[in-house]
Every structure is written in structure tokens, then in C-alpha cells.
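The values are calculated or read from the model by the stated rules, or taken from the named source; none is laboratory data. Since we're looking at a predicted model, the values are computed, not measured. Quick reminder, even Gly has a Cβ in these numbers, built from the backbone with ideal geometry, and neighbours come from all protein chains shown. With ligands, DNA and RNA removed, areas are computed over all heavy atoms of the protein, side chains included. Shrake-Rupley method; radii C 1.70, N 1.55, O 1.52, S 1.80 Å.
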Amino acid sequence: MGRPDPEEGPLPAPVKPPDGGWGWIVLLGCFVITGFSYAFPKAVSVYFKELMKDFHVGYSDTAWISSIMLAMLYGTGPVCSIMVNQFGCRPVMLIGGLLASAGMILASFTTNIIELYLTAGVLTGLGMALNFQPSLIMLGTYFDKRRPLANGLAAAGSPVFLSSLSPLGQVLLEKFGWRGGFLIMGGLLLNCCTCGAVMRPLDMGMKRKMGKAQDKYEAKEMLPIGGKTEEGISTTDGTKKGKKAKKKPKKGKKLLDFSIFSNRGFIIYTISKFILVLGLFVPPILLVNYAKDTGVPDTEAAFLLSIIGFIDIFARPACGMVAGLKWVRPHVAYLFSFSMLFNGLTDICSARASNYTGLVIFCVFFGISYGMVGALQFEVLMAIVGSQKFSSAIGLVLLIEAFAVLIGPPSAGRLVDALKNYEVIFYLAGSEVVLSALFLGVASYCCLNRGKKEPPPENNPTAGAGSDTEEAESDVQEAEEHSSDNHQPAHSTDNAVVAASEEANHVAEEQRGEGGGCPAGDGEVLARDGCNADQMVERDSF
């Protein structure tokens, strides 16, 4: 009846996500880590003017600090996946928090821009990468039914921290200078270690204990009350120990699982995400300069980014709640495609905005669509590959996105310098986002939904009767095993075994003799009656 081979030693099933409890603490830690990872590279830009004066370099030279941080965050994805699969999430996050803090503290003592690249760029970026990816993995471990909402709340950390770290950096710069600001920022990054400490892995031993208790309970229910009960339990435990000794040694866990590339959904997601990143970050990067060129004052131009951040704070949790609805969650990939389409059309429609009111309207709609994309991007990936392969999947996806990050915004900046026209850049960025949305939606519908529609298997009377015969014979073997384990020579049990054997042989002889000529209904009834009789006699014998 499809029983697993005890010598194969299948891997234990993961513990069911609690969808709450300590998971809310894990969610808070993921909120903080997401905020630092996405907002910190942008918040460091408030120190660039002072760095340009002290080191006598240009703006493009100092901008490489943020670029290196983001490149480390995305490009070291496979390295993070290997470390998580080898050592677990908590140790990797603790090491990452120490590296991120050490990078900023060492940066406060640097004497040239190259040293800043190595400390604030490489070291701090690597530390944040070692925190960001494991936090998302732990979030998917603790949440299942509420996972869309959890992803939305965790993603809200990015706009919240961006709106708070930038003003804080300005205050620190005015009171302590850029060196003192870097030193204090390094101390703040030690909170990543605290977030890593709360990432308690789910106890895999809990499931084993529950299984052992269930086995003992079943043994007590099956055996008669008395001295034989303890004997039966000890026999059950001894049999399990003997089977464990015969099990083959388990294969080591893969450090990086490349088998996910055989998943068509993962391939579609990766391609669409690459196209998306080419144009997603271009509008907010060029928005302030675009507003200034249209005659908007500097303070009002900078306020546009605050509008996007404020809308983004509420858009991400709200989108997570919508994605968690029962009738929406099975189609979350299409909701993600709609959010990308919404974002791309917003870029295209706002390309000709020539006054401050038009730019404010653009920021409102861009904040909504940008928040939807941020809330759904990792939820869709978790839904495609599952929590078991998510650690490898996110590492490979971030590595591929790193190339898009290094291609998209720099190319847009060069086009602005060459054409002196922001309108073309907004059209191009919006078209890329729309293309990614259409590719995800159409490819998911054509390649995935049609692949699921398979014709139902035809009913074969002969095959069905054969399977019933095998079930009857397997039940006979079970009855013989139970009678030998209990060492109770009960006459009723022997009669039941003989009756069941004769019933199974009778069914097999009829099938062989008649060659399947008997009506399907008669064969099914005969086999089914034999199985029911077997099961009833077994229960009575015990």
C-alpha cells in the first residue's frame, strides 16, 4: 500500500511554522535588519560633502561607497547561502553584525578614500549582507499562513529607517563631524547582533519527541492492559533502535542547491526580476535633480523623496494583508505582476510632469506601487521554491540582481549626461518595468498553469483488482507480524490469518482464471470485502 522502506532513512519533516508566538520577535528583528540593509547605504550620503572636502575627491568618488555597499548586499548572496546552510542563521547573523559595526568604526579612522572603500564599503556591506538574507530565511521559517503579512511588515523597515537615519546622520554630522558620526553609526549597527540573537531556530527535536509519545500511546491502546503493555512498548522501542542501526548514513546537506534551476517558476521569476531592477531604482535616484531642472526649489525637491517614503511605510503592510487573503494568495504572482505594471505605467505617465503638483502626484502613486513591489518580491519567491530551498534561491537571485543594479542606474546617469533630457530616461525605465510585469504574468499563465492541467488517468478494472489483491496480501503480512511480536498464540488470530490468506488467494485465482473477464464491479466488491474483513479481525484479535 505504498509503505516507505525503513532502511531508506528519509529526512525528517520540518517543524510546522507557529505563525506567531516567538515569531513576532523574529519579525521585529527582520524589520530592523531590513531597515539597516536598504536604508543605510542611502543614509551615508549625507556625509559625502564633508568627505569630498577632507579627501579632495569628487562626488562620483564618494558615491562609490554606497555603490559598493549595495554591490556587497546583492553580490554576496551565494556566499551567504552557503554559510547559512553550513552553520545556520543565528551564527551567521552574529558575525555579520560584528563585521558591519567594525567596518564603520574602522572607517572613522581612515585617511584616504581607498580605505573608506574597504571599510565602510566592503566590510560594512558584507556584514549587512550576512544579516539581511538569514533574517528573511528565518521569517519564512516562523510564518506560513501569515507569511504575506509578515513579509509586508518586515519590508516596511526600509522606508521607516530611511526617514529616520538620514536626519540622524545630519545631526551627528553637525555635532561630531563625519568621523564621530561614523563611530556612532558603527555602534548602532551592533543592534544587528541583537537581532541575530533572537533568531532562535525551531526545535527539530520537538517533532521527534511528539512522534515517540504517539508511538507509545498507540502501543498502549493496541495491547491489553497488564504486564504485557510495558513489554510491548519495550519491544517497539527495541525494533525502532534496530531499524535506526540499519539506516544508511544521511547525505550531507547541499551548501548551494542548484536544482532550483529546474523549477520553471524560479526561472521565470529570476528573468523578470532582472528586467525589473534595471529600471526600478532609476526614477527615485534622478527625481531630485529632475525636479531642480524644472525650477523646483532645493528644499521642496528633497521633500519629494520624503513623500515616497511616507506612502511606502503604509503601502507595504497593506499589500501584505491583501496578499494574505485566501482568494488572493494562490494568485500572488499575478498580484506581483500587477504591482510592477502599476509602477512602470506610473513612470511613463509622469515623464512629462512639468510642475511641482505633477511631481507630487507622481510620488504618491510611485510610493504605492513601489511599496507593493517591495512587499511581494520575496513572498513570491518563497511561494515558488518553498522554505526548504529558499536559502539557496535568494542567494542566487540576489547575485543576478547585482548585475542589474550595476547596469541600470549607471547607464541612466550616462544617458542623462549625453542627452540632457530626463523625459527619455523615465520612458525607458518605465518600459523596462512594464516589460518585466508582462513577462512574469504571461509566462506564469502559459508555462505554469497549462503545465498543471493533465488529463485524468483512465480507469482500468484489471489494474484496480490487482492493487486490491496486493493490499489483501500486505494485510496478511501485517497480521502475521503482529501475532509474532506479541507472542500470544491466540486461536482466533490464527483463524483470521488463514481466512484472510484464503480470501486473498481466492481473489488472485479468480483474476488469473477468468483473465479479467468478470465484471469490474464484482472484482472490486470482492477485494474490498476481503480487506474490510482483514482489518476487523485484526482489531478483534488484539
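Of note:
- Taking all protein chains as they are arranged and a probe of 1.4 Å, the heavy atoms of Ser164 leave approximately 60 Å² accessible to solvent.
- Within-13-Å neighbourhood charge of Ile407 [Cβ basis; K, R +1; D, E -1]: -1
- Inverse of mean 1/r across different Cα pairs in region 302-401, Kirkwood, Å: 14.7
- Solvent exposure, largest accessible area first (probe 1.4 Å, DNA, RNA and ligands not counted), of Trp64, Trp22, Trp178, Trp327: Trp327, Trp64, Trp22, Trp178
- Working from the Cα coordinates of region 256-449, the gyration tensor eigenvalues give, after taking √(5λ), semi-axes of 31, 19, 14 Å in decreasing order.
- Cα gyration tensor shape of region 16-221, rounded if a/c is under 1.5, else prolate or oblate by comparing a/b with b/c: prolate
- Rounded to the nearest 20, the size of the Cβ-charge dipole of region 16-221 about its Cα centre is 680 debye, with Lys and Arg at +1 and Asp and Glu at -1.
- Hydrodynamic radius of region 79-164 per Kirkwood, over alpha carbon pairs, in Å: 14.3
- Based on C-alpha pairs under 8 angstrom that are at least 6 apart in sequence, region 256-449 has a relative contact order of 44 percent.
- Given charges at beta-carbon only (K, R positive; D, E negative), |dipole| of region 256-449 in Debye: 480
- For region 93-134, the solvent-accessible area of protein heavy atoms averages 32 Å² per residue (probe radius 1.4 Å; ligands and nucleic acids excluded).
- Phi angles of region 407-421 translate, via the Karplus equation with coefficients 6.51, -1.76, 1.60 and θ = phi - 60°, into HN-Hα couplings of 9, x, x, x, 5, 5, x, 5, 5, 5, 5, 7, 9, 6, 9 Hz per residue; Gly and Pro are given as x.
- A 1.4 Å probe, protein heavy atoms only, puts the accessible area of Phe426 near 0 Å².
- Ile307, Ile285, ranked by accessible area, largest first (probe 1.4 Å): Ile285, Ile307
- Note on region 256-449: with neighbouring protein chains present and a 1.4 Å probe, carbon and sulfur make up 71 percent of its accessible heavy-atom surface.
- To put it simply, the accessible area of region 16-221 at a 1.4 Å probe is 67 percent carbon and sulfur.
- Counting only protein chain heavy atoms and rolling a 1.4 Å probe, the accessible areas of Tyr38, Tyr356 rank, largest first, as Tyr356, Tyr38.
- Between Ile361 and Glu423, the FRET efficiency from the beta-carbon distance, with R0 = 22 Å, is close to 0.85.
- Solvent-accessible area of Arg264 with every protein chain in place, 1.4 Å probe, in Å² to the nearest 10: 130
- With θ taken as phi - 60° and the Karplus curve 6.51 cos²θ - 1.76 cosθ + 1.60 applied, the whole-hertz 3J(HN,Hα) list for region 353-366 is 5, 10, 9, 5, 5, x, 5, 5, 4, 4, 5, 5, 5, 5 Hz, x standing for glycine and proline.
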